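**Student:** Sharing a structure below in structure tokens format, with a few things to ask.
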Amino acid sequence: MEFWKRIEGIDRRWIYLIVGIAVIVPFLLPIPFPISITPEAQMLYDHIESLPDSVTVMLVFDYYPSTIAECEPMARSALHQFWRKDCKIITLSNIPLGGPSMAETVTREIAPEYNKVYGEDYVNLGYKANYVAVLSGMGTSIRSIFPTDNSGTNLDDIPMMDSVFNYEQVSFIFEVADNATADYWVSIVNAQYGVPMGCGTTAVSAPKYYAFVGSGQFVGLLGGMKGAAEYELLVEKPGNAVIGMGAQSMVHLLIIALVILGNIGFFMLGKHRRRVS
Amino acid sequence: MSGWEIFEVWVIAFFTLSLFSFMYKDNPFYKVAEHIFAGLSAGYYVGLIWESVIVQQLWDPMMGGDWWLVFPGILGFLMFARFFPKVSWVSRTPLAFVMGVTAGIFIISQLHGLVLPQMQATMGVVDDVNGFWDFLLATVVVVGVISTLIYFYFSKEHTGALGVTAKVGIWFIMISFGAHFGYTVMGRVSLLIGRVQFLVEDWVGSFSYIF
Amino acid sequence: MKTSFPVAVAFLTGMALVVSFFFREGTLVGDLSKNLKIWLTIVGGFTLLLGVVSITRVNWAGVKRQKSGWGYKLLTLVSIFVMAIPSILPASWSPLFGRAEGSIYDWLFTYLDSPMMATMFATLAFYIASAAYRAFRARTVESTILLLVATIVMLWRVPMGEAFLNLFPGDLPGFLNAFVMNGANLAVQRGIIIGAALGAASMSLRIILGIERTYMGKG
């Protein structure tokens, strides 16, 4: 019983240390396990593959830098898949803290691999405040909300935007989000303008968006780092998400063990207290 | 790796480890990193709004002839009246404008874009039944939606048939929240993995260039 | 007047947006709603600056009175100005100014702000592990269901755990995806979405009709 009492009252910093070790060890001693593809990720990939080549799509960077580990691999993989199909990509962000910067960094890093030129093959619209107005306003006219791109160049001076005026010229919207903006893309853009949408989101939000996949408002869904890993494998560009799955496995098993241990201790001490009283 | 790139990696590592040091206990390194982070985040907004709103949406279009944009500009400046108690009532007008326009968009989008499609999908799930397992799934979905909505209906006491349905709703909700908790754990752990990946691959990797 | 004018503004703008749903662009109402949305993005930008002004005032007050920890508040103020001032200066003066790649603004965001934001959220993993050990107890039937489902989903979502689940007969991961995530979870989330959307729509109606005025504050 002394053992369970000591276990129950253990300093939480020991738990932090064990978690830290559980995350680090798989990077030093990787044990690869096969990563299965969920139907939702497959549906998203298949829909994008079925798009005609060279269409105009939107890739939305609606995530904060805090969730880069989960969301950036999704955005990168999406760029690979879109550019293999020669799609013209419009990027934008509804996140004031870092969204436009991240869109800029990721697109400019991957563009040279496919010989894509800014202004001809992709454009970063940047950020405008109040996403409800932005999403709704772009349905009428993208230029009314974004008169210029992120760096201040008039949209009329950007060759790619010559034939793009509103959602009617956009064939697909890929929303990578870590917050509720995906709800507004669905309720405002998909519902009112009928543009097909897919979503990559953090694991915290993913369970909610199964409802949108079920109703057909999302063609597919990527949930968390596992979803990002699945998508990386589908586009055949394994990256940080695939590498991170080893550590993810280890920490999940650790947390399950902690929950079981904590509950065993709880019941043992409870039984002991009842016996004593 | 160039010298400057090594410096950048070490700057990131220093602040990352400073913030992680809070896990042991509060200390000056953590406090310094935390306050710098708060300041930089606030400063980021200034640059963003200056260029994307004031320059691109107000100044340049107004210089190009769209003089009517001075009105939203004035409304925006009136927001700052909040900081002066004697005239803080002035900020109610721009606030009311924001709330009014947003509410107008919301009424339509919430009903047309969320309620109706979700209800349609719930009713339509029985159309796609093709065998026993599909029938079971359809039943789970329909019963789950109805019992969840009834559980969250608090205008009537949960007794009798309503009480039984609400009880079923709780069981469904516990399953969903259990799944949500599992996903949340995954989400939080992923963020830690991202930082550790940087420390192990980039920061420790830079040692070979230095030592 | 101090209250009735803003209420009238909320009513007129809200009604304009609701009615415009039934009108195309090019009509008077359609063009009005387009312009109102443009105005909203502009006014919305200023609301973001309110937070910056507020944090500056609070920290400046702390520095002026030399309250305990005022050195850290001074650091916050310095960080705000170091980030903000170079970003609003014209990039034509120096490549260090403005917001483009290579500017002070971009460097501070990429190498300080962004990693620190990621690290702040990364610490949550430690807390969730500690909470899992100390607080998640199967005290009732309902909490036991929650914990069991959470455990199985945590196993399913990682390759090692999924390999373990595949040792059992039948397609357990497939069952989890079909009946837990796309079954019970979907149903509950759908119910919550419907309920929350109805609530948001009714709150929007209250705001437009002037019944809900708490956003205006006191006085």
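We did not get these values from a lab; they are worked out from the coordinates using the rules stated. Quick caveat: nothing in here was measured; it's all calculated off a predicted structure. Because the Cβ atoms are built from the backbone with ideal geometry, glycine has one as well, and the counts that use them run over all protein chains shown.
**Student:** When Lys and Arg each count +1 and Asp and Glu each count -1, what net charge do the other residues less than 12 Å away from A:E104, Cβ to Cβ, add up to?
**Tutor:** Net charge in that neighbourhood comes out at -2.
**Student:** For a 20 Å ceiling on Cα separation, which of these pairs sit above it: B:K86/C:K2; B:K31/C:K73; A:K88/A:K226; A:K85/A:K226; A:K271/B:K167?
**Tutor:** Numbers: B:K86/C:K2 12 Å; B:K31/C:K73 10 Å; A:K88/A:K226 27 Å; A:K85/A:K226 25 Å; A:K271/B:K167 29 Å.
Table pairs above 20 Å Cα-Cα are A:K88/A:K226; A:K85/A:K226; A:K271/B:K167.
**Student:** Please list A:243-252, A:100-109 highest first by mean number of surrounding beta-carbon atoms within 10 Å per residue.
**Tutor:** Details: A:243-252: 24.8, A:100-109: 21.1.
Answer by packing, highest mean first, reads A:243-252, A:100-109.
**Student:** What number comes out for the charge environment of A:Y210, summing +1 per Lys or Arg and -1 per Asp or Glu over other residues with Cβ under 11 Å away? It would help to have the intermediate numbers written out before the result.
**Tutor:** On the way: positive: A:K208, C:R190; negative: A:E40.
Around A:Y210, the surrounding residues sum to +1.
**Student:** Could you please rank B:V189, B:V143, placing first whichever residue has the fewest other Cβ atoms within 10 Å of its Cβ?
**Tutor:** Numbers: B:V189 34, B:V143 16.
Least crowded to most crowded, the residues run B:V143, B:V189.
**Student:** Once you have a ≥ b ≥ c as the square roots of the Cα gyration tensor eigenvalues for region B:1-65, tell me rounded if a/c is under 1.5, and otherwise prolate or oblate according to whether a/b is larger than b/c. Each step should come with its number before you reach the end.
**Tutor:** Working: a/c = 6.12, a/b = 2.11, b/c = 2.90.
In terms of gyration-tensor shape, oblate.
**Student:** Between rounded, prolate and oblate, where does the protein assembly as shown land on the alpha carbon gyration tensor, with a ≥ b ≥ c its root eigenvalues, rounded for a/c under 1.5, else prolate if a/b exceeds b/c?
**Tutor:** Values: a/c = 1.40, a/b = 1.19, b/c = 1.17.
Rounded shape, in that the Cα axes give a/c under 1.5.
**Student:** For region C:7-53 and region A:170-202, what is the centre-to-centre distance using only Cα atoms, to the nearest Å?
**Tutor:** Answer, in whole Å: 22.
**Student:** Summarise the partner chain shielding of A:192-199 as one whole number: the mean count of Cβ atoms from other chains within 10 Å of each residue's Cβ.
**Tutor:** Numbers: counts 5, 0, 0, 0, 0, 0, 0, 0.
Mean number of neighbouring Cβ atoms from other chains: 1.
**Student:** While we're here: Hey, got the average number of other protein chain Cβ atoms within 10 angstrom for residues in A:66-73? Provide the component values of the computation, followed by the final result.
**Tutor:** Numbers: counts 11, 7, 9, 14, 6, 1, 1, 2.
If you average over the peptide's residues, the count of other-chain Cβ atoms is 6.
**Student:** Here is a follow-up. Taking 8 Å as the Cα distance limit and 6 or more residues as the minimum spacing, I'd like the relative contact order of chain A as a percentage.
**Tutor:** Numbers: 436 pairs, mean separation 71.0, N = 277.
After rounding, I find 26 percent.
**Student:** Under the rule of at least 5 residues apart or a separate chain, name every residue whose amide H is placed under 5 Å from the amide H of A:N166.
**Tutor:** Hits under the 5 Å cutoff: A:I142.
**Student:** Report, in whole Å, the centroid distance computed from the Cα atoms of region C:136-215 and region C:73-98.
**Tutor:** Using only Cα atoms to place each centre, the spacing works out to 44 Å.
**Student:** Another question about this same structure. So what is the relative contact order for chain C, in percent, with contacts set as C-alpha pairs under 8 Å and at least six apart? Could you put the intermediate results ahead of the total?
**Tutor:** On the way: 107 pairs, mean separation 38.9, N = 219.
Relative contact order of chain C: 18 percent.
**Student:** If you don't mind, another one. Could you work out how far the C-alpha centroid of region A:207-223 sits from that of region A:1-37, in angstrom?
**Tutor:** 33
**Student:** If packing is taken as the mean number of other Cβ atoms within 10 Å per residue, what is the order of A:176-183, C:92-99, highest first? Numbers along the way, then the final one.
**Tutor:** Details: A:176-183: 22.4, C:92-99: 15.6.
Most protected by this proxy first, the peptides run A:176-183, C:92-99.
**Student:** Over chain B, what is the mean sequence separation of C-alpha contacts under 8 Å (at least six apart), divided by residue count, expressed as relative contact order in percent? Don't skip to the answer; put the middle values down first.
**Tutor:** Working: 88 pairs, mean separation 34.2, N = 211.
About 16 percent, as a whole number.
**Student:** Counting only other chains, what is the mean number of Cβ atoms within 10 angstrom of the Cβ of each residue in peptide A:262-272?
**Tutor:** Working: counts 8, 7, 0, 2, 5, 2, 0, 0, 2, 0, 0.
For this peptide, the per-residue mean of nearby foreign Cβ atoms is 2.
**Student:** Right, here's the next one. For a quick check: sort B:F211, A:F146 by the number of other beta carbons within 10 angstrom, fewest at the front. Walk me through the intermediate numbers first.
**Tutor:** On the way: B:F211 5, A:F146 25.
Fewest to most other Cβ atoms nearby, the residues stand as B:F211, A:F146.
**Student:** Taking other Cβ within 10 Å of each residue's Cβ, how do A:Y127, A:Y193, B:Y44, B:Y24 sort, fewest first? Each step should come with its number before you reach the end.
**Tutor:** Values: A:Y127 28, A:Y193 17, B:Y44 25, B:Y24 11.
The order, fewest Cβ neighbours first, is B:Y24, A:Y193, B:Y44, A:Y127.
**Student:** Hey, another quick one. For a quick protection proxy, order the peptides B:195-205, A:113-123 by their average other-Cβ count within 10 Å, most packed first. It would help to have the intermediate numbers written out before the result.
**Tutor:** Details: B:195-205: 18.2, A:113-123: 15.9.
Averaged packing, sorted descending, gives the order B:195-205, A:113-123.
**Student:** Write out the trypsin sites (Lys or Arg not before Pro) in region B:1-92 meeting two conditions: DSSP loop, and at most 12 other Cβ atoms within 10 Å of their Cβ.
**Tutor:** Values: sites: B:K25, B:K31, B:R82, B:K86, B:R92; in loops: B:K25.
Those that pass, being in a loop and sparsely packed, are B:K25.
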